[in-house]
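Here's the structure we're looking at; comments come further down.
The values are calculated or read from the model by the stated rules, or taken from the named source; none is laboratory data. Note that the structure is a prediction, hence the values are computed from the model and not measured. A quick note on method: Cβ atoms are made from the backbone with ideal geometry, for glycine too, and the neighbour counts reach across all protein chains shown. The protein model used for the area step is the full one, side chains on, heavy atoms only, and it has no ligands, DNA or RNA in it. Shrake-Rupley method; radii C 1.70, N 1.55, O 1.52, S 1.80 Å.
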Amino acid sequence: MQFVHFDDFRLGVLNGDTVVDISDLVGQVGVGAQSRVASLIQNWDELAPKITEAATGSGVPVSSVRLRASVPKPGQLVCAAVNYIEAGRPEAGPFNAFLKPPTSIIGHGDTVELPDAPVTVFHFEPELALVIGKTASHIKAEDAMDYIFGYTAFIDVSSRGLPGGFFLGKGWHTFGPMGPVLVTADEVPEPNNLRVDFTVNGEMRQSYSTSDMARHIPQLLEEMTKVMTLEPGDVVPTGVHHEGLGPVQGGDVVTLTVENLGMALEVSVHDAQNRTSWTG
């Protein structure tokens, strides 16, 4: 099943070119979009038959609504770092990850605002992200897939050349485009065999397979949950293959398509400084 948030963060089921509002089924309007996501996940066994029935009803054209982030404000946004086998890095190195502020998340059609800071280059890293389905702590790789509710697309916007490590590199407002679709795990049987395509102004910049992860999803979750507990609704971007990574600047429109995840994620880029020359 495929879910989207739309307009004032109503929750809907995507049915072809239409979206069917299921907000009232999942949680009362006004409780908050993320609370509704948590309710959807935690009560899935009970809600799934009702949602399946509701999804056959009339909807509205997707083209007539404003799509929002698929997971508007997860409790934790935990990003894998250096998680792909690449030229010069033929095997997995030490495990590494970082926390990105959930307040950085924006949705489809929104705008990334490049900050006024002495950045050498801005990179947009297209990634497959996991949405956690149940509390995960000290889990084993062989059990890890049971802890995933679904998948969504994510762009880890990064500013290079600043001090402060991941905080200044990754944490700025609007640096977390996500969505627009949250696809349940049953519709993605091979998440470590998906094509990820990323274009800038219609030009292909990156095209890679999630099969090239240094730590595939089960091993990744095992490593993460040795350190921290993941809760339902948390989001885990799984890293990027750096081949083809290049500068992005104000005026660009970027598009991320992840195989099996429905609609592409597209955002525009704005830079009040109108910078056009990069050193990296």
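Does Val82 fit the bill of being of a type in the set (Val, Ile, Thr) and at pLDDT 95 or above? Spelling it out, it is not the case that Val82 is of a type in the set (Val, Ile, Thr) and at pLDDT 95 or above. Of the residues making up the stretch 85-101, those that are modelled with pLDDT of 95 or more and in a strand (DSSP E or B) are Ala97, Phe98, Leu99. Figure legend. Inter-residue proximity from the stretch 253-271: first residues farther than 17 Å from Pro115 by Cβ, second residues open to solvent by 50 Å² or more (accessible area, probe 1.4 Å) and outside any loop (DSSP other than H, G, I, E, B), beta-carbon distance below 6 Å, spacing 6+ or different chains. Indicated pairs: Thr255/Glu266; Glu259/Arg195; Ala264/Thr257. Would you confirm whether any residue within the stretch 101-114 is acidic (Asp, Glu), open to solvent by 60 Å² or more (accessible area, probe 1.4 Å) and in contact with a Phe, Trp or Tyr (Cβ under 9 Å, 6 or more places away or on another chain)? Yes, that holds for at least one residue. Listed by first and then second residue, the pairs with beta-carbon distance under 6 Å, at least 6 apart or on different chains, first residue in the stretch 42-59 and without any contact (Cβ under 8 Å) to a residue 40 or more places away in the chain, second open to solvent by less than 40 Å² (accessible area, probe 1.4 Å), are Gly57/Val20. Can you tell me how many residues in the stretch 1-10 are modelled with pLDDT of 95 or more and either out of contact with any strand residue (DSSP E or B) (no Cβ under 7 Å at 6 or more places or on another chain) or within 14 Å of Ala33 (Cα to Cα) (or both)? So the answer is 5. The condition (being surrounded by fewer than 21 Cβ atoms within 10 Å (Cβ to Cβ) and more than 28 Å from Val62 (Cβ to Cβ)) is satisfied by just one residue among Asn193, Asn201, Asn260, Asn274: Asn274. Listed conditions (1) at pLDDT 95 or above; (2) open to solvent by 30 Å² or more (accessible area, probe 1.4 Å); (3) touching a Gly at 6+ places or on another chain (Cβ under 8 Å) are all met by Gln76, apart from (3).
Please go through the stretch 157-188 and pick out each residue that is of a type in the set (D, E, K, R) and either in contact with a helix residue (DSSP H, G or I) (Cβ under 8 Å, 6 or more places away or on another chain) or surrounded by 15 or more Cβ atoms within 10 Å (Cβ to Cβ) (or both). It would help to see each step written out before you state the result.
Taking the stretch 157-188 as the starting set, the residues that turn out to be of a type in the set (D, E, K, R) are 160, 170, 186-187.
If the condition is that a residue be of a type in the set (D, E, K, R) and either in contact with a helix residue (DSSP H, G or I) (Cβ under 8 Å, 6 or more places away or on another chain) or surrounded by 15 or more Cβ atoms within 10 Å (Cβ to Cβ) (or both), then Arg160, Lys170 are the ones that fit.
Quick test for you: out of Lys50, Lys134, Lys140, pick the one residue that is farther than 15 Å from Gly233 by Cα and either in contact with a Pro (Cβ under 9 Å, 6 or more places away or on another chain) or among the β-branched types (Val, Ile, Thr) (or both). Quick ask: steps written out before the conclusion?
On the way: Lys50 fails: either in contact with a Pro (Cβ under 9 Å, 6 or more places away or on another chain) or among the β-branched types (Val, Ile, Thr) (or both); Lys134 fails: farther than 15 Å from Gly233 by Cα.
Of the residues listed, the single one that is farther than 15 Å from Gly233 by Cα and either in contact with a Pro (Cβ under 9 Å, 6 or more places away or on another chain) or among the β-branched types (Val, Ile, Thr) (or both) is Lys140.
Selection of the stretch 222-250 for residues being over 19 Å from Ala97 (Cβ atoms) and of a type in the set (D, E, K, R) yields only Glu243. Checked against the criterion of being more than 15 Å from the chain's Cα centre (by Cα), at pLDDT below 95 and more than 28 Å from Ala272 (Cβ to Cβ), the candidates Glu190, Glu223, Glu243, Glu231 yield just one match: Glu243.
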